[in-house]
């Protein structure tokens with residue numbers, strides 16, 4: 001059904017080669033990200049971190065994702081209030097990442113893929129809501145929260 005209000009379809013299916021590769025690459029990327037954020041403070045002390053945000057360097061203002069690395073690093077230390085102060089969406093994304101890793105690992109191991117099909121209206125609403133949340137987070141970074 002296009003354009004209308006239809007049903008949400010969720011299915012676990014045999015993974016096609018492209019989907020399995022996507023899941024494996026996503027799993028690898030998330031694992032590397034979590035390891036990096038786990039050792040971030042040690043790497044920071046050794047001046048061995050990734051370069052700063054190019055948007056911040058050019059404009060002097062944080063991008064919508066600035067503070068994400070440090071937010072995850074504070075979550076590893078059990079300091080969600082400091083994590084939120086740096087990046088409001090950080091704790092939620094940290095938990096989502098922790099949940100996604102075993103799901104992706106299982107999908108790769110058993111050669112399955114999770115297929116979610118949203119009706120067009122719901123898909124647009126979800127994208128709009130996600131962009132609105134990101135915009136509010138960015139506005140907080142620009143006006144209230146530390147850089």
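Here, each number is a calculation from the coordinates, and none is a lab measurement. No experiment lies behind these values; they were computed from the predicted model shown. When we count neighbours, we look across all protein chains shown, and the Cβ atoms used for this are built from the backbone with ideal geometry, even at glycine.
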Does any residue of the range 14-35 turn out to be exposed (fewer than 11 other Cβ atoms within 10 Å of the Cβ), touching a residue at least 60 places away in the same chain (Cβ under 8 Å), within 29 Å of residue 124 (Cα to Cα) and more than 19 Å from the chain's Cα centre (by Cα)? yes
Say whether the condition of being surrounded by fewer than 16 Cβ atoms within 10 Å (Cβ to Cβ), more than 21 Å from residue 42 (Cα to Cα) and over 18 Å from the mean Cα position of the chain (by Cα) is met by at least one residue in the range 99-109. yes
Residues located in the range 55-91, provided they are farther than 23 Å from residue 136 by Cβ, part of a helix (DSSP H, G or I) and over 18 Å from the mean Cα position of the chain (by Cα): 57, 58
Every pair of residues 6+ apart whose Cβ atoms lie under 8 Å, when the first sits in the range 114-140 and is under 20 Å from residue 11 (Cβ atoms) while the second is assigned to a helix (DSSP H, G or I): 114/103; 114/107; 118/126
Exception for residue 48 within (1) assigned to a loop (DSSP other than H, G, I, E, B); (2) within 19 Å of residue 145 (Cβ to Cβ) falls at (2)
How many residues are farther than 23 Å from residue 32 by Cα and in a helix (DSSP H, G or I) if we restrict to the range 92-125? 6
